[in-house]
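The block underneath contains the structure these notes are about, expressed in structure tokens.
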Amino acid sequence: MVDLDGIALLGIDVGFSRSRPTTGIAWSKGGAFKATKTYTDWQRRSQHIPSATTFAVIAIDGPLVPLGSADSLERLCERIFIRGSFQVRCKPGLSHHGYGRDLRRAAAETAEQVVHLAARNTAVERTIRIGASIVEAFPNAFLGVLLPEARFAMPAAGKRKKFDWLYDHAVDSGVLENLFHTIGWQNLELVGTVLAERDHEKRAAWICLLTAACAAAGKSEVVGDELGGWFWLPPQISGLHGRVTPWPATPQSCGETRMPAEPQSPRDADNASASARHGTKRYPAGPSQSSSGKPTRL
């Protein structure tokens, strides 16, 4: 098992506002960790990242496509997450038109800012940059696949507050804490900090950091293809002790695309639906914005 406290990891929630600190950055290194908010330029972002550090995995919340891809490229990983139950759980925004293109460019800019900090980790496949362990985080989907169906029968949050609604339920149901046990990250101070976090950008950054940790531990589910890139999601978890069960492939998927079955929460397992999950896609009909002033991936 990978000692996650023995490696450096970095998670970045790509902010969109040029005038407000809407970028969230979270890092861990040698047992130490921190999350902060900052701006989009590298001069200020770099002040919140440990100097002279090579990160085993960097996870960025933003649509990451291969270099040279057309702005109009439609992504399979986004298409998969728009149908069925994922419309309620974590329906994403299209990144090939409207504000989605701006977010895609912002994600690409962020990747270029940190590519020199990323290690060449041969254990992490399907990275978006050759020779650099940079992966795409999608915090809403990350939390959405962890939560049991019973949670989505509760009153839903508005689109602008969807991520915080997911985060609150992931904490309350126990699935977020359980994930730390599943991937073998026994840093109790970090766990407590993540569970107690209330700031929106810092929360998103922590989930990006967890995305990087799952990838480094070899316990991610990867959804997408080489043409449009991949979402990196958590393993399916059931049981109080973090027993992991595989996500079955969806019939309409191709290549390395995989879809999850209904996850179970430690506290909600008895009430969760036993029905299998339908295949899904990703993106709403038009752009939406969060209260922080940046397009959100809903």
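Readers should treat all values here as calculations from the given coordinates under stated rules, not as data from a laboratory. Note that the structure is predicted; figures quoted are calculated from it, not measured. Cβ placement follows ideal geometry from the backbone for every residue including glycine, while neighbour counts extend to all protein chains displayed.
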*Which peptide among 111-122, 129-140, 11-22 comes first, and what is the full order, when sorted by highest mean count of other Cβ atoms within 10 Å?*
129-140, 11-22, 111-122
*Extension gain R105-Q47, at 0.36 nm per residue separation less the Cα-Cα distance, in nm?*
18.7 nm
*Beyond 26 Å between alpha-carbons counts as too far, so tell me which of K37/K219; K161/K202; K161/K219 fall in that bin.*
K37/K219; K161/K219
*Fewest-first sequence of F81, F33, F163 by Cβ atoms within 10 Å of each Cβ*: F33, F163, F81
*Extension gain from I130 to E74, taking 0.36 nm per residue of separation minus the Cα-Cα distance*: 18.0 nm
*Could you list the residues of segment 176-215 with an amide nitrogen less than 13 Å from a label point located 7 Å from the Cα of D3 in the Cα-to-C-beta direction?*
186
*Provide the gained length on full extension for the span T54 to K161, in nm with one decimal, where the gain is 0.36 nm per separating residue minus the Cα-Cα distance.*
35.1 nm
_Just to be sure I understand the model, the point goes 7 Å from the Cα along the line to the Cβ. What's the resulting R120 to D168 distance in nm?_
4.7
*asked:* Give me a comma-separated list of calculated 3J(HN,Hα) values for segment 174-190, in order, Karplus coefficients 6.51, -1.76, 1.60 applied at θ = phi - 60°, integers in Hz, x for any Gly or Pro.
replied: x, 5, 5, 4, 5, 4, 4, 5, 4, 8, x, 9, 9, 8, 5, 5, 5
*Which residues' amide hydrogens lie under 5 Å from the amide hydrogen of A8, considering only partners 5 or more residues apart or on another chain, with H built in the peptide plane?*
A56
*If you add up the charges near K29, with Lys and Arg at +1 and Asp and Glu at -1, over every other residue whose beta carbon is less than 15 angstrom from its beta carbon, what do you get?*
-2
